[in-house]
Structures are given as structure tokens and as C-alpha cells.
1. Hey, any hits in segment 115-122 for a residue that's away from ligand 2 (no atom under 16 Å from the Cβ) and either of a type in the set (Ser, Thr, Tyr) or within 28 Å of Asn164 (Cβ to Cβ) (or both)?
2. Which of the residues belonging to segment 28-79 are closer than 14 Å to Ile99 by Cα, of a type in the set (S, T, N, Q) and more than 16 Å from ligand 1 (Cβ to nearest atom)?
3. Return yes or no: is Val125 assigned to a strand (DSSP E or B) and either touching an Asp or Glu at 6+ places or on another chain (Cβ under 9 Å) or modelled with pLDDT of 95 or more (or both)?
4. Does His231 meet the test of being within 14 Å of ligand 3 (Cβ to nearest atom), modelled with pLDDT of 95 or more and open to solvent by less than 50 Å² (accessible area, probe 1.4 Å)?
5. Exactly one of these conditions fails for Tyr100: (1) more than 23 Å from Asp66 (Cβ to Cβ); (2) open to solvent by 10 Å² or more (accessible area, probe 1.4 Å); (3) more than 16 Å from ligand 1 (Cβ to nearest atom). Give me its number.
6. Go through segment 1-91 and tell me which strands (runs of 3 or more DSSP E), entirely inside it, have 2 or more residues that are in contact with a Lys or Arg (Cβ under 9 Å, 6 or more places away or on another chain).
7. Under the condition of being within 16 Å of ligand 3 (Cβ to nearest atom) and farther than 15 Å from Tyr220 by Cα, which residue from segment 19-42 is farthest from the chain's Cα centre (by Cα)?
8. Consider segment 173-198. How many of its residues are within 12 Å of Ile221 (Cβ to Cβ) and outside any loop (DSSP other than H, G, I, E, B)?
Amino acid sequence: MRVTILGSGTSQGVPVIACECPVCQSTDENDKRLRSSAMIDIGDKKLIIDAGPDFRTQMLRAGVKDVTALLLTHEHKDHIGGLDDIRAFNWVKNGEVDIYCNQRTKDVISKDYDYAFAAFRYPGVPEMNIHVIDEEPFWIGEIKIEPITVMHYKLPVTAFRIDNFAYITDANFISEASMKKLEGVEYMVINALRKEVHLSHFTLDQAIDVVKTLHVKQAYITHIGHQMGLHEEVSRELPENIQLAHDMLSFEF
Ligand SMILES: [Zn+2]
Ligand SMILES: [Zn+2]
Ligand SMILES: [Zn+2]
């Protein structure tokens, strides 16, 4: 399995428009973060987690020629705002793109992209085959995917576990039951917005706590805001088995 971080930034991305802070002004490529997304390559399958407003740029940057399916964590725009651009893959496939998400996310997609679901569809609209998932594991070919609910303040968000890997974004609370489902995970991508407490996102310390509690072998922090600080400086403060993700970071196990 190979995981590639297509975007490691929070909802506004980094740099933030019009911001003159040192992080947004940094010339370090690792401080330039597109909206959070990841690509998972397993055998001949390619799964993309989330399709935010940077989806098109991310597909071009990673040279993606086709996707097996999209897995969506929740309905916030920084995670679904790029769905119109799946049209390129409709063209490649000559058919729909398979999308897996919870009912709530499907409802928002149907409203936001109403033209894609109209009775008389204009030619060339994005074609989505949305599979509603709950907490039951599901299969894409031979790949078993376990959806795990985590909380984003009051909003349930889907984390995904595949074998010994888990991807958790936009969480600030994980219930005991969900922690149980994460036991045995060795590689993890987990969100942390900044060091200060936030209403709906883990802080860096809270994310580190989750990693430690689960005895994760190697963890990568994503959904990073500009207030986190410079990539290079924050990286030096972290335990050996935890690192800040950066765009296009890739690891295999
Ligand atoms: Zn987000
Ligand atoms: Zn800034
Ligand atoms: Zn969110």
C-alpha cells in the first residue's frame, strides 16, 4: 500500500489569501498546503480520500490518470468542493465515478451539485455513483474498508481504516468505541489544526495523544493551518514517530 498526501492544509489552504504571517510568506515548499486529501494505491486500485477545491490541481500534480473510487469524509466544502472536476474521469471511464460517503454527505452533494442529479441532465455534467456507507465495513474489489465515525465538534465525520492504516481528518473527539476500532493501526494520518485549542479540530498535542494511546508506529499530521507555525520548526519539536505531513509526501508499507 502506498499513501500520498495530495493536500495537507486546512480549509483555507496555506498560504491564506491576503495573510502576511511568516508561514504564509514562507518560501519553503513544505509550507504550501493545498486542501486536505490523500491518494491510496493498493495493487491496481487507486482510492482518493476527499475532493476539495484543489482536486483538479491535485490530480494534475500527482499525474492521476484514473481513479477506482473516491472516499469522502464529510460534506464541508474543503472536502467536496472539487467534485465537478471528476468529469475528467467520467470521460476516461466513459461512465460514473464511484463515490463512498455517509447519507448526510450524499444529501449535501445532491443539493450543491443539483445539476448532476436533475431528471434531464445537461450533457457533460459530473456523473457520480454514490454509495451510502454507515459504520459497516465495505469492499472495493479485494480491499476491505472500515468506516469509523469521529466527531468534528457536533458533526460526525467518517475516518477510514484499511488494514493497518487509518486516515482521520477534521476530528476533535474520538469515542471509546471508535478508538477500539482503531486498535492495531500502525500507520496513521490524523488532523491537527494548530497548537491552540479549537472548537472542531484537534490541536497538535491532542493528535499526538491519540497516536500515543493507540501505539501507532508512524503518524503524519494533516489539515494544518498557518497558525501551526513553520513546517521546519514544528517538525523539529515532534516525537520521532510523528511528523507533519506536507503536500506530495508519500509513504509505503
Ligand atoms: Zn476540513
Ligand atoms: Zn498566515
Ligand atoms: Zn470539516
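The values are calculated or read from the model by the stated rules, or taken from the named source; none is laboratory data. Remember, predicted model here, so these are calculated numbers, not experimental data. Glycine also receives a Cβ, built like all others from the backbone with ideal geometry; neighbour counts cover every protein chain displayed. Heads up: the accessible areas ignore ligands, DNA and RNA and are worked out on the full protein's heavy atoms, side chains in. Shrake-Rupley method; radii C 1.70, N 1.55, O 1.52, S 1.80 Å.
1. Looking only at segment 115-122, we keep the residues that are away from ligand 2 (no atom under 16 Å from the Cβ), and these are 115-122.
The next check asks that each one be either of a type in the set (Ser, Thr, Tyr) or within 28 Å of Asn164 (Cβ to Cβ) (or both); those that pass are 115, 122.
Yes, that holds for at least one residue.
2. Once the filter is applied, which keeps residues that are closer than 14 Å to Ile99 by Cα, of a type in the set (S, T, N, Q) and more than 16 Å from ligand 1 (Cβ to nearest atom), segment 28-79 yields only Thr68.
3. Numbers: assigned to a strand (DSSP E or B): no; either touching an Asp or Glu at 6+ places or on another chain (Cβ under 9 Å) or modelled with pLDDT of 95 or more (or both): yes.
The answer is no for Val125.
4. On the way: within 14 Å of ligand 3 (Cβ to nearest atom): no; modelled with pLDDT of 95 or more: yes; open to solvent by less than 50 Å² (accessible area, probe 1.4 Å): yes.
So His231 does not fit the description; no.
5. (1)
6. On the way: elements: 2-7, 37-42, 45-49, 69-71.
The strands (runs of 3 or more DSSP E) meeting that bar are 2-7, 37-42.
7. Kept after step one, since they are within 16 Å of ligand 3 (Cβ to nearest atom), are these residues of segment 19-42: 33-38.
Next cut, farther than 15 Å from Tyr220 by Cα only: 34-35.
Numbers: Leu34: 11, Arg35: 8 Å.
The selected residue is Leu34.
8. We begin by selecting, within segment 173-198, every residue within 12 Å of Ile221 (Cβ to Cβ); these are 188-195.
If we keep only those that are outside any loop (DSSP other than H, G, I, E, B) as well, we get 188-191, 194.
Total meeting the criteria: 5.
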